[in-house]
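Asker: One structure is given below, represented as structure tokens, and several questions about it will come after.
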């Protein structure tokens, strides 16, 4: 659509891929909510509902997301580009260094 033309939409029809994508969205939202809780209440604080550290709850949600991403690779042949992952990791490292230098 780079040329500005409108094209028809054909929503995903495969039931398994729809289920996988829906579950991925659900797990990403749960991880987002947990990350927000870690920001608001502290990474090392205890979740009053579970009695576990927010850090541990975040790790549990990260595991759920990783599992969904693995299943996405199997069910929909969607795999993360390893070069892009490493490029992003390197960029995050440089960004974190800039933050440390700006606010020692």
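Read the figures in this text as sums done on the coordinates, not as results from a lab. Just so you know, these numbers come straight off a predicted model, no measurement behind them. Note that we place each Cβ from the backbone using ideal geometry, even for glycine, and neighbour counts take in every protein chain shown.
Asker: Scan the range 76-104 and report the pairs whose first residue is touching a residue at least 40 places away in the same chain (Cβ under 8 Å) and whose second residue is in a helix (DSSP H, G or I) and surrounded by 10 or more Cβ atoms within 10 Å (Cβ to Cβ), with Cβ atoms within less than 9 Å and a gap of 6+ or a chain change.
Answerer: Here the result reads 76/16; 76/17; 76/20; 76/21, each pair linking the range 76-104 to a residue that is in a helix (DSSP H, G or I) and surrounded by 10 or more Cβ atoms within 10 Å (Cβ to Cβ).
Asker: While we're looking at this one, here's another question. Could you grab me the full set of residues in the range 34-53 that are under 28 Å from residue 19 (Cα atoms) and surrounded by 13 or more Cβ atoms within 10 Å (Cβ to Cβ)?
Answerer: Those that are under 28 Å from residue 19 (Cα atoms) and surrounded by 13 or more Cβ atoms within 10 Å (Cβ to Cβ): 34, 35, 37.
Asker: Select from the range 20-54 the residues that are in contact (Cβ under 8 Å) with a residue 40 or more places away in the chain and either out of contact with any helix residue (DSSP H, G or I) (no Cβ under 7 Å at 6 or more places or on another chain) or over 16 Å from residue 68 (Cβ atoms) (or both) and list them in ascending order.
Answerer: Result: 21, single match.
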